[in-house]
Structure formats: C-alpha cells, structure tokens
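The values are calculated or read from the model by the stated rules, or taken from the named source; none is laboratory data. Since this is a predicted model, take the numbers as computed values, not measurements. In this analysis, Cβ positions are derived from the backbone assuming ideal geometry, glycine residues included, and neighbour counts consider all displayed protein chains. For the accessible areas, the whole protein counts, side chains as well, though only heavy atoms, and no ligand, DNA or RNA atoms are used. Shrake-Rupley method; radii C 1.70, N 1.55, O 1.52, S 1.80 Å.
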Amino acid sequence: MGWSTEQAEAGTQSGQGGSGVETAGAETRGAEAARAPVALSPSRASDFMQCPLLYRFRVIDRLPEKPSAAATRGTVVHAVLERLFDAPAAERTAVGARAMVPGEWEKLLAKRPELAELFAEDAEGERLAQWLAEAEALVERWFSLEDPTRLEPADRELYVETVLDSGLQLRGFIDRVDVAPTGEVRIVDYKTGKAPRPQFAEGALFQMKFYALVMWRLRGVVPRRLQLVYLGSGDVVTYDPGEADLRGVERKLLALWEAIQLATVTGDWRPRPTKLCGWCDHQAHCPEFGGTPPVYPLQVRPADGGVVPQGRMGEI
C-alpha cells in the first residue's frame, strides 16, 4: 500500500518496506532457507488473488525482480510527502517539496545502489533529469489536492500488525493517519498512478479496507474515512467503511489465507493468466510462457499425511 507497497515492488520484496514482509527471516533473503508464509499484507494478498504462482515466486522462492523506474519514482515521492511534515506548517510549500526530490533520490540510491542500473545507459543524464522532473510534478500536484499547512498527521508510515482470533497475522505500513479533535480517524494512501475506472476501483479499496480492519482490531475504532490520493490524475477517492464492511474483509482474508496454506503444503501454485502477465518479471519461470518454476523449496504433504520432497511443478 502506498510507499510501503511500492518499495516492496520496486525492490526484492526484502521486507524493508513493511508490506512485503510475509515470510519469517525475509529480511535476510538469500541467506536462509525458504520458509512457509507466516503473515499477510495487502500487496501479497493482491498477488495471490492475481496469480497464485506470482505469490509463490515473490514470497516463497523470493525470486529477484528488476528495479522499476515507476515504482522507484513512487518511493521517492512518498518519502518527500512523509518528510515534508517534519517542517513547521508555514514552511510546507510546493517549491520546498519539489526541492526535496533530488535529495530523497540520492538517499534512496545510497541505500540501494542497484537502482543505478535504471539509468545505466544515460550518460548525459537526460533520462534521469526527466524522471526527476516527473517526480517533482507529482509532488507539486499533491498541493492542489490537500493543504499540508492545515494538516498535522497523527502518524506517517505507520507500521501496524495484529493477529485475528483465527490466528492470522496481518501487517504492513500506512502512509498517513489523521485524527480529528473529536477522535475520528482517517487513513490516507498516496498513489502515484492514475485513478482506476470505477469498475476496477475495488482493488485499491480492498487495500484500504485491509488497513481499516487492522486499525479496528488494534484500537477498537472503525476508521471514519479511507482516502486515496491519486497524484497521477489529480483525483481523491474516499470511502466510509462500516463494521459490516470490515467483517466481510476479514472473512475474505481468512478464506484467502486458507487457500495460501493449502497451496503451501501441497505445492500446487497455479498460474492465472491475465493481461498483467506482460509486465511480469518471471515469465522465464512460468509454464504459461514455456518456462519451468524452480524446484519447490518446501516439502509437500500428500493426502495420506506423508511428507515428500517436491520436484518441478509439472510433476505435481
């Protein structure tokens, strides 16, 4: 969700951004053996609903993904919008926020040197300059949608985690939490893309309802409003959830987690082809594109309760 989600998608799902943390020991990816999923976040829930095999590649196999210019730009923009509130209200200006963009990019590059490959063939720096200008334009557009001089967020990049009565652990980061003097809570998420058409809006709202559910279970109060700020198109989408909404989300997540657990123990992670496959980094490992998944790194349990190592997915 927001910055946390984009960090995870832009990088290697290392868990540093919060919403990509679904496996024990994920922060030391590559140094430890694969482990079964232990928690769920909005981004990984969306992965499984989009394609179970994609979820496996990201969470269990932890296959590397190429840095994305768009997702990396989103990370920089989110960093600016988070840190802008460090300044006194009168100093939160569009000019000042734009000026923060190059510095936040340099900070991110220092932490993740591999991002330099995004501009490896840009000797004159033209592509980088255009990319930074696009990030600055997104930051500036935000000022036409919200007035930071009138906002004092209760939390920014808030890590939340809760365990439902069923034992399912939910976790992730929320871009911004506003609390009114009367106690009403608003959850805000920044999106650097364009607002989806109404028939495709449910995916983004699902993420917001996920976090509303977590906040409800943590604090005992249903958030008054969920707000999506689309910087790419200049739209603000709001939704006011109720307890019935959030109970429905909880039931959906429990069913989803049961499906994930079943796939984990059987090793049956089936691809689900969609138009989004064209942007997937894992086509070389996907049967839909003639590829072969890596050897499944966990043990599988057949119906008789025994445990046998799994070979290639095609052998299941």
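Per-residue answers, yes or no, for (1) modelled with pLDDT under 95; (2) under 20 Å from the mean Cα position of the chain (by Cα):
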| site | (1), (2) |
| --- | --- |
| Phe200 | yes, yes |
| Ala204 | yes, yes |
| Leu228 | no, yes |
| Gly232 | no, yes |
| Val236 | no, yes |
| Tyr239 | no, yes |
| Gly242 | no, no |
| Glu258 | no, no |
| Gln261 | no, no |
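Considering only the stretch 210-218, I want to know if a residue exists there that is hydrophobic (A, V, I, L, M, F, W, C), loosely packed, with under 13 Cβ neighbours inside 10 Å and touching a strand residue (DSSP E or B) at 6+ places or on another chain (Cβ under 7 Å). Before the answer, list the steps.
First, pick out the residues of the stretch 210-218 that are hydrophobic (A, V, I, L, M, F, W, C): 210, 212-216, 218.
Restricting the remaining residues to those that are loosely packed, with under 13 Cβ neighbours inside 10 Å gives 218.
From what's left, touching a strand residue (DSSP E or B) at 6+ places or on another chain (Cβ under 7 Å): 218.
Yes, the stretch 210-218 has at least one match.
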Item to complete: Could you pull out the residue among Thr5, Thr12, Thr28 that is at pLDDT below 50, under 15 Å from the mean Cα position of the chain (by Cα) and farther than 25 Å from Lys209 by Cα?
Response: Thr12
Item to complete: Give the residues of the stretch 264-279 that are within 22 Å of the chain's Cα centre (by Cα) and open to solvent by less than 50 Å² (accessible area, probe 1.4 Å), sorted by residue number.
Response: Thr264, Trp269, Pro271, Cys277
Worksheet item: Given Glu106, Glu82, which one is among the acidic types (Asp, Glu) and touching a Lys or Arg at 6+ places or on another chain (Cβ under 8 Å)?
Response: Glu82
Worksheet item: From the list Lys66, Lys111, which residue is surrounded by fewer than 18 Cβ atoms within 10 Å (Cβ to Cβ), under 30 Å from Cys277 (Cα atoms), at pLDDT 95 or above and basic (Lys, Arg)?
Response: Lys111
Worksheet item: Inside the stretch 156-190, can you point out the residues that are open to solvent by 40 Å² or more (accessible area, probe 1.4 Å), more than 22 Å from Val249 (Cα to Cα) and either among the polar types (S, T, N, Q) or in contact with a strand residue (DSSP E or B) (Cβ under 6 Å, 6 or more places away or on another chain) (or both)?
Response: Arg156, Val179, Thr182
Fill in: Residue in the stretch 123-131 that is open to solvent by less than 80 Å² (accessible area, probe 1.4 Å), farther than 27 Å from Met49 by Cβ and charged (D, E, K, R) present
no
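Examine the stretch 150-172 for a residue that is under 17 Å from the mean Cα position of the chain (by Cα), modelled with pLDDT of 95 or more and of a type in the set (S, T, N, Q), and state whether such a residue exists.
First pass over the stretch 150-172, keeping only residues under 17 Å from the mean Cα position of the chain (by Cα): 156-161, 169-172.
Filter again for modelled with pLDDT of 95 or more, leaving 156-161, 169-171.
Filter again for of a type in the set (S, T, N, Q), leaving 169.
There is at least one residue in the stretch 150-172 that is under 17 Å from the mean Cα position of the chain (by Cα), modelled with pLDDT of 95 or more and of a type in the set (S, T, N, Q).
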Practice prompt. Among the residues of the stretch 47-63, count how many are part of a helix (DSSP H, G or I), touching a residue at least 60 places away in the same chain (Cβ under 8 Å) and among the charged types (D, E, K, R).
Written response: 1
Discussion item. Can you tell me which condition Leu53 does not meet? The list is (1) crowded, with 19+ Cβ neighbours inside 10 Å; (2) modelled with pLDDT under 95, and all the others hold.
Written reply: (2)
